[in-house]
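Trainee: Next up is a structure, given as structure tokens.
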Amino acid sequence: PPARCPDCPGPGPERGGGGGTPALPHLGIAVDERDVLPGALRIVREMRPGWEPARVKTKLFTDGITNKLVACYTDEGMADAVLVRVYGRKTELFVDRETELRNFQVLRAHGCAPDLYCAFQNGLCYQFLPGIALGPDHVRDPHIFRLVAQEMARVHAIHANGSLPKPILWQKLHKYLTLVKTELSPKVSNPSLQQDLPSLEALEQELAWMKETLSQLGSPVVLCHNDLLCKNIIYDRTRERVRFIDYEYTGYNYQAFDIGNHFNEFAGVKEVDYGLYPSKETQLQWLHSYLQAYKQLTQGHPGGSGVSEEELETLYVQVNKFSLASHFLWACWGLIQAKYSTIDFNFLRYAKLRFKQYFKMKPVVTALQVSK
């Protein structure tokens, strides 16, 4: 199922998967976002001309809160399924679609994404990955969370030894906050919008404080997924592997942001419960698996060169501090979506929840120090 969204200057073509990415077919078809099935079937007729139209079945996924997603298939077990994803209304405000496409192809070249079949005017068509989309219960299961940590290390290790570009976090936060200011200022007369929301001045101050504080923590800049909510992780039991889907937000960013953002997602999206945020003990187990895999992939030692207590503690502190930036980002995103999205989801309530959690956690994580 699809994710929320967002954009980013991701890996340029010169860092693409060996430059051998085949040209992607572009269909001049636009799909009506309010009635996606007929359009999805049209796309599939182009991509699978051998399929008998009467035998094609469809399944509409309803978990996503940014895009509309349909699977088209002829095999009962969905082994031949093709996914058609239609971009949500006005999502181009915060998603750079060309960058998304490039990132999709880079991840594909490194075995971290499904096959991409074509792009059309307002969406993409790609391979269906078999398995189950995770829920809040799964990501707490040590067996599964070790697989998630290892897969994140695989993504983070892509091009890790090349020249590293700037993290996209600050540019994105500024962009979102500017959108909140310009897009929503006519709505200031709406009292329900202002209730429980910080003032724009307060948000400007928080962003300045975060940039000053977080950018000095020394978190490495790596290729990040940046939107690892549970439903964006597919667990394939037969292969004992997890894969990540939806790369709208993929791009170079702080390692600790990607992990902190994922830990925030333990709380869920539709029914948010921050009581589910992972305990320190769970986090340390997760981070240990991650560091082991990451060091092995980037330093080339079989089994890594061991993970020291100090490394573990440093990453723990960085991750929990960066989780603040994740709350702030998705809160601003929720305010923008509240104005434009046609998807049935209470974006305003979600934005308020994320701001509330940001201010609740700020004193807690500010107090965290790496022991000298």
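Trainee: Here are the criteria: (1) under 19 Å from THR91 (Cα atoms); (2) at pLDDT below 90; (3) not polar (S, T, N, Q). Tell me which single one LEU24 does not satisfy.
Mentor: Of the numbered conditions (1) under 19 Å from THR91 (Cα atoms); (2) at pLDDT below 90; (3) not polar (S, T, N, Q), the odd one out for LEU24 is (1).
Trainee: Determine, yes or no, whether GLU46 is over 26 Å from HIS156 (Cβ atoms), modelled with pLDDT under 95, part of a helix (DSSP H, G or I) and of a type in the set (Asp, Glu).
Mentor: Spelling it out, GLU46 is indeed over 26 Å from HIS156 (Cβ atoms), modelled with pLDDT under 95, part of a helix (DSSP H, G or I) and of a type in the set (Asp, Glu).
Trainee: Could you tell me whether any residue of the stretch 150-173 is polar (S, T, N, Q), assigned by the TED database to the domain that holds ARG243 and either at pLDDT below 90 or farther than 29 Å from LEU69 by Cβ (or both)?
Mentor: Taking every residue of the stretch 150-173 in turn, at least one turns out to be polar (S, T, N, Q), assigned by the TED database to the domain that holds ARG243 and either at pLDDT below 90 or farther than 29 Å from LEU69 by Cβ (or both).
Trainee: Under 17 Å from the mean Cα position of the chain (by Cα) and over 20 Å from ILE245 (Cα atoms): which single residue out of PRO136, PRO167 fits that description?
Mentor: It is PRO167.
Trainee: Go through (1) buried (at least 19 other Cβ atoms within 10 Å of the Cβ); (2) assigned to a loop (DSSP other than H, G, I, E, B); (3) more than 14 Å from the chain's Cα centre (by Cα) one by one and return the number of the condition PRO130 breaks.
Mentor: Condition not satisfied by PRO130: (1).
Matching residues to (1) of a type in the set (Gly, Ala, Ser); (2) in a helix (DSSP H, G or I); (3) open to solvent by less than 10 Å² (accessible area, probe 1.4 Å):
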position: LEU207; (1), (2), (3): no, yes, yes
position: LYS211; (1), (2), (3): no, yes, no
position: ARG239; (1), (2), (3): no, no, no
position: ARG243; (1), (2), (3): no, no, no
position: ASP258; (1), (2), (3): no, yes, yes
position: HIS262; (1), (2), (3): no, yes, yes
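Trainee: Kindly indicate whether any position in the stretch 69-79 is of a type outside the set (Phe, Trp, Tyr), open to solvent by less than 30 Å² (accessible area, probe 1.4 Å), assigned to a loop (DSSP other than H, G, I, E, B) and at pLDDT 95 or above.
Mentor: Scanning the stretch 69-79, I find at least one residue that is of a type outside the set (Phe, Trp, Tyr), open to solvent by less than 30 Å² (accessible area, probe 1.4 Å), assigned to a loop (DSSP other than H, G, I, E, B) and at pLDDT 95 or above, so the answer is yes.
Trainee: Turning to a different aspect of this structure: Considering only the stretch 264-275, state which residues are surrounded by fewer than 17 Cβ atoms within 10 Å (Cβ to Cβ) and not in a loop (DSSP other than H, G, I, E, B).
Mentor: Of everything in the stretch 264-275, those that are surrounded by fewer than 17 Cβ atoms within 10 Å (Cβ to Cβ) and not in a loop (DSSP other than H, G, I, E, B) turn out to be TYR274, GLY275.
Trainee: Just a yes or no: is a residue in the stretch 293-305 in a helix (DSSP H, G or I), open to solvent by less than 70 Å² (accessible area, probe 1.4 Å) and hydrophobic (A, V, I, L, M, F, W, C)?
Mentor: Yes, the stretch 293-305 has at least one match.
Yes/no matrix, rows are residues, columns are (1) among the basic types (Lys, Arg); (2) assigned to a helix (DSSP H, G or I); (3) touching a Ser or Thr at 6+ places or on another chain (Cβ under 7 Å); (4) open to solvent by 10 Å² or more (accessible area, probe 1.4 Å):
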site	(1), (2), (3), (4)
GLN318	no, yes, yes, yes
ALA331	no, yes, no, no
GLY334	no, yes, no, no
GLN337	no, yes, no, no
ASP344	no, no, no, yes
TYR350	no, yes, no, no
PHE355	no, yes, no, no
SER371	no, no, no, yes
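Trainee: Does the stretch 354-363 contain at least one residue that is farther than 27 Å from TRP209 by Cβ and in the same structural domain as GLU265 (by the TED database)?
Mentor: No, that holds for no residue.
Trainee: Further question on the same structure: Checking LEU37 against (1) farther than 25 Å from PHE347 by Cβ; (2) free of Cβ contacts under 8 Å to residues at least 60 places away in the same chain, which test does it fail?
Mentor: (1)
Trainee: Mind listing just one residue for me: the one in the stretch 49-68 that is at pLDDT 90 or above and in contact with a Cys (Cβ under 6 Å, 6 or more places away or on another chain) and, of those, farthest from LYS175 (Cα to Cα)?
Mentor: Looking at residues that are at pLDDT 90 or above and in contact with a Cys (Cβ under 6 Å, 6 or more places away or on another chain), I get VAL56.
Trainee: Consider TYR290 against the criteria (1) open to solvent by 30 Å² or more (accessible area, probe 1.4 Å); (2) more than 30 Å from ALA202 (Cβ to Cβ): it satisfies all of them except one. Which criterion is unmet?
Mentor: Result: TYR290 fails condition (1) only.
Trainee: Same structure, new question: Filtering the stretch 138-154 down to residues that are of a type outside the set (A, V, I, L, M) and in contact with a Cys (Cβ under 9 Å, 6 or more places away or on another chain), which residue is least open to solvent (accessible area, probe 1.4 Å)?
Mentor: The qualifying residue least open to solvent (accessible area, probe 1.4 Å) is GLU151.
The rows are residues; the columns are (1) without any contact (Cβ under 8 Å) to a residue 24 or more places away in the chain; (2) farther than 15 Å from MET152 by Cβ; (3) not acidic (Asp, Glu).
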position: HIS262; (1), (2), (3): no, no, yes
position: GLY275; (1), (2), (3): yes, yes, yes
position: PRO278; (1), (2), (3): no, no, yes
position: GLU281; (1), (2), (3): yes, yes, no
position: TRP286; (1), (2), (3): no, no, yes
position: LEU297; (1), (2), (3): no, no, yes
position: GLY300; (1), (2), (3): yes, yes, yes
position: SER308; (1), (2), (3): yes, yes, yes
position: TYR316; (1), (2), (3): no, yes, yes
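Each row is one residue, and each column tells you yes or no for (1) under 21 Å from the mean Cα position of the chain (by Cα); (2) at pLDDT below 95.
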{"position": "GLU201", "(1), (2)": "no, yes"}
{"position": "HIS225", "(1), (2)": "yes, no"}
{"position": "LYS231", "(1), (2)": "yes, yes"}
{"position": "GLY251", "(1), (2)": "yes, yes"}
{"position": "ASN264", "(1), (2)": "yes, no"}
{"position": "ALA267", "(1), (2)": "yes, no"}
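The values are calculated or read from the model by the stated rules, or taken from the named source; none is laboratory data. In this text the structure is predicted, and so the values were computed from the model without any measurement. For neighbour counting, all protein chains shown are included, and Cβ atoms are generated from backbone atoms with ideal geometry for every residue, glycine included. Surface areas here come from the heavy atoms of the whole protein model, side chains and all, with no ligands, DNA or RNA. Shrake-Rupley method; radii C 1.70, N 1.55, O 1.52, S 1.80 Å.
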